[in-house]
Amino acid sequence: MWNGVIFLFGVALPVILILLGGGRLDMQTTIALSAGASAFSLMAINLFLATRPPLLERWLGGLDRLYVTHKWTGIAVLFLVIAHERIGMRFEEDQMATVGLAALAKEVGQTAFYVLLVLLAISWMKRWPRAMRRYMPWPGKGDGDLLPYGLWRWTHRALGLVFMALAFHQLFVRVPYDANALVSGYLNTFAALGIVSYLYTQFGALLRRRRYTVTKVTAHPAATIIQAAPVRRPITPRPGAFALISVGRAGLREPHPFTISGAEPQGQLQFSIRALGDYTRRLRDGLKVGDTLYVEGDYGTFDYRKGRQTQLWLAGGIGITPFLSFADSLTAQETRRITLVYAVSDAQEAVGLERLEAAARRCPNFTYHLHISKTDGRLSAAHLADYAPFPVREADLWFCGPAPMREAILSQLRKDGDAPRGLHFEQFEFR
């Protein structure tokens, strides 16, 4: 639904307005103008998406889906901007104002085009190694990113400044529309939307975060387990939700999304974070008791309470984190039939088993199984069928773990004619 809304306001309406107001413009110029107007409108929409509006997050199915939409909209902007520049507009010299602000706007637009190409290329460079690892080994450590996250984030922020330059370009450049005011009014509205959204992401979002104090840091073999207490008003997270966290310490001030693995009635939070990249390694090595933790949230729509009566929960490694908060919320009155399968490579990697055991004692309809790959073999669809006290095809499958694991299990289940009735997972690739 929302992809259609974005296409309507970001592409269809600008093109329609240009066709209505373009007068006798030739086809080449009309296409170039349409591409430029669409790119500008989509950039404004992307800046709005970056504000993480809660209502829009729920409509899109979670912040993870919102960021996927943000990513593909950005890719569309890149191609449209290239089309606008390369196709070009054919005007006689006396048809365009070439002095004053109009001339400056033309030069600003040309400069902003090349800066935008560089910034968008950097955004893609952040993802290239991930994509390439599907087909070939990628040298290096951690998550295999070509650029440090901090550099990527600062260049991504600069896209808002480029948008402001493009807003100046479209406001003052003069092209011979017959109904120029109609198109200009539309684009000016999106200029305001984009600029206000960008300023909000840089300054206004600080008002949404809550301040916590780190009370305990545990170096578990599988994760860094962080416990924090609110300084003033806490957030009230839903089971399975995640938050954006940052630390008031050099090298850890960049906000990152992590699942809330535990929440106490008094407002204390727990995060269980595996060291997979530069930031999470710095978090493991540098975070200390007493540090200030800034928390923004909660986010996400990964909530078992919205699912069917029969549910199979599948966790791979540190993917257990949302299921720990799920298990904590189960009561003796729970009517759903729920089985959790928790797959780890080694028994030492298991996190929160005491909480799962407490939930199983408290809730008769909840059972869990720890699958250790070193002794039990690689987890398969046959294992799931053995662990679950019900046919998998009758259940909702709630999954959190590596994407290749999810794809392999689903492929096996479909081949066996045992595909689940519903599938729920989150896409934690936010860039």
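Can you work out ³J(HN,Hα) from phi for every residue in the stretch 383-389, in order, using Karplus 6.51 cos²θ - 1.76 cosθ + 1.60 and θ = phi - 60°, giving whole Hz and x for Gly and Pro?
4, 4, 4, 6, 6, 6, x
Residue by residue, what Karplus-based ³J(HN,Hα) values in Hz, rounded to whole numbers, does the stretch 318-327 have, using 6.51, -1.76 and 1.60 with θ = phi - 60° and x for Gly and Pro?
Per-residue couplings from phi come out as 5, x, 5, 4, x, 6, 5, 6, 4, 4 Hz.
Given axes a ≥ b ≥ c from the Cα gyration tensor, I'd like to know whether the stretch 367-431 is rounded (a/c under 1.5), prolate (a/b larger than b/c) or oblate.
Judged from the Cα gyration tensor, the stretch 367-431 comes out oblate (a/c at least 1.5, b/c at or above a/b).
Which one, Ser272, Ser345, Ser261, has the greatest fluctuation when you compute a Gaussian network model over the chain with C-alpha springs under 10 angstrom?
Ser345
Treating the beta-carbon of each Lys and Arg as +1 and of each Asp and Glu as -1, no other charges, what is the dipole magnitude of the chain about its Cα centre, to the nearest 20 debye?
For this selection, approximately 780 debye.
Cut-off 10 angstrom, C-alpha nodes, Gaussian network model of the chain. Which of Lys216, Lys306, Lys288 fluctuates the most?
Lys306
Using only the alpha-carbon atoms of the stretch 304-424 as identical scatterers, what base-10 log of I(q)/I(0) does the Debye formula give at q = 0.22 Å⁻¹?
So the normalised log intensities work out to -1.37.
Rounded to the nearest 500 deg cm²/dmol, what is the calculated helix-only ellipticity per residue at 222 nm for the chain, with -39500 (n - 2.57) per DSSP H run of length n ≥ 4?
On the way: 15 runs with 200 residues, N = 431.
Rounded to the nearest 500, the figure is -15000 deg cm²/dmol.
Between 0 and 90 degrees, rounded to the nearest ten: what's the tilt of helix 180-202 against the longest Cα principal axis of the chain?
40
Any idea how far the Cα center of the stretch 301-317 sits from the one of the stretch 45-77, in Å?
24
Please list, in chain and number order, the residues 5+ apart from Gly262 or on another chain whose amide H is under 5 Å from its amide H, with Hs placed from the backbone.
Those lying under 5 Å, H to H, from Gly262 are Gln270.
Please tell me the relative contact order of the chain in percent, rounded to the nearest whole number, where contacts are Cα pairs under 8 Å and at least six residues apart.
Across the chain, relative contact order equals 14 percent.
Which entry in [x] 1.14; [y] 1.26; [z] 2.66 matches Cα Rg over 2.2 N^0.38 Å derived from the coordinates of this structure?
[x]
For the chain, take the longest principal axis of its alpha carbons; what is the angle in degrees between that and the long axis of helix 63-87, to the nearest 10 within 0 to 90?
It is inclined by approximately 30 degrees.
We did not get these values from a lab; they are worked out from the coordinates using the rules stated. For clarity, every value in this text was computed on a predicted model and none was experimentally measured. Backbone-built Cβ (ideal geometry, glycine too); neighbour counts: all protein chains shown.
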